[in-house]
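For reference, the structure is listed below as structure tokens.
The values are calculated or read from the model by the stated rules, or taken from the named source; none is laboratory data. None of these values were measured; they are calculated from a predicted model. Glycine gets a Cβ as well: all are built from the backbone with ideal geometry, and neighbour counts include every protein chain shown.
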Amino acid sequence: INVSTQQTAFTLTLQGALDGLSWSPSSNAFVYSDNGKLIAYVLHGAPITFTKSANEQISPFWLPDGRILCLNLVQGTQTLSILAIQHTP
């Protein structure tokens with residue numbers, strides 16, 4: 001393994017600020033918050049979608065059981081949410 005050579009595996013184009021990123025337990029995908037909207041980038045497997053939210057969702061963290069923990073921001077108030085993954089057919 002040559003760790004001195006950098007290779008780009010993929011590039012993310014953000015619409016706003018990156019507000020957190022977390023790898024899935026299987027390392028097949030990661031979730032990130034782009035300007036308060038959760039987005040999943042899947043390397044291998046079925047696409048993942050999230051229910052649309054009027055709230056900002058930031059600081060996602062993928063739990064070992066496959067759910068995602070994130071902060072919801074509503075008018076300056078933060079609440080902690082646990083989201084179940086929805087795979088797109």
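Is at least one residue of the stretch 47-59 among the hydroxyl-bearing types (S, T, Y), in a strand (DSSP E or B) and touching a Leu at 6+ places or on another chain (Cβ under 7 Å)? Explain how you work it out, then say what you get.
First, the residues of the stretch 47-59 that are among the hydroxyl-bearing types (S, T, Y): 49, 51, 53, 59.
Restricting the remaining residues to those that are in a strand (DSSP E or B) gives 49, 59.
From the residues that got through so far, the ones that are touching a Leu at 6+ places or on another chain (Cβ under 7 Å) too are 59.
Yes: one or more hits.
Could you tell me which residue of the stretch 17-44 is surrounded by the most Cβ atoms within 10 Å (Cβ to Cβ), considering only residues that are of a type in the set (S, T, Y) and on the phi < 0 side of the Ramachandran plot? Walk me through it before giving the result.
Applying the first criterion (of a type in the set (S, T, Y)) to the stretch 17-44 yields 22, 24, 26-27, 32-33, 41.
Adding the requirement that they be on the phi < 0 side of the Ramachandran plot leaves 22, 24, 26, 32-33, 41.
Numbers: S22: 18, S24: 21, S26: 11, Y32: 18, S33: 23, Y41: 14.
The selected residue is S33.
Identify the residue in the stretch 47-66 that is more than 12 Å from the chain's Cα centre (by Cα) and surrounded by 13 or more Cβ atoms within 10 Å (Cβ to Cβ) and, among all such residues, is modelled with the highest pLDDT.
Per the criteria, the residue is E56.
What is the one condition in (1) at pLDDT below 90; (2) within 10 Å of the chain's Cα centre (by Cα) that V3 does not satisfy?
(2)
Quick check on G20: is it of a type outside the set (S, T, Y), part of a loop (DSSP other than H, G, I, E, B) and touching a residue at least 12 places away in the same chain (Cβ under 8 Å)? Even if it seems obvious, please write down each step before you answer.
Working: of a type outside the set (S, T, Y): yes; part of a loop (DSSP other than H, G, I, E, B): no; touching a residue at least 12 places away in the same chain (Cβ under 8 Å): yes.
The answer is no for G20.
Can you tell me which residue among L69, L14 is surrounded by 10 or more Cβ atoms within 10 Å (Cβ to Cβ) and not in a loop (DSSP other than H, G, I, E, B)?
Values: L14 fails: not in a loop (DSSP other than H, G, I, E, B).
Exactly one residue qualifies, and that residue is L69.
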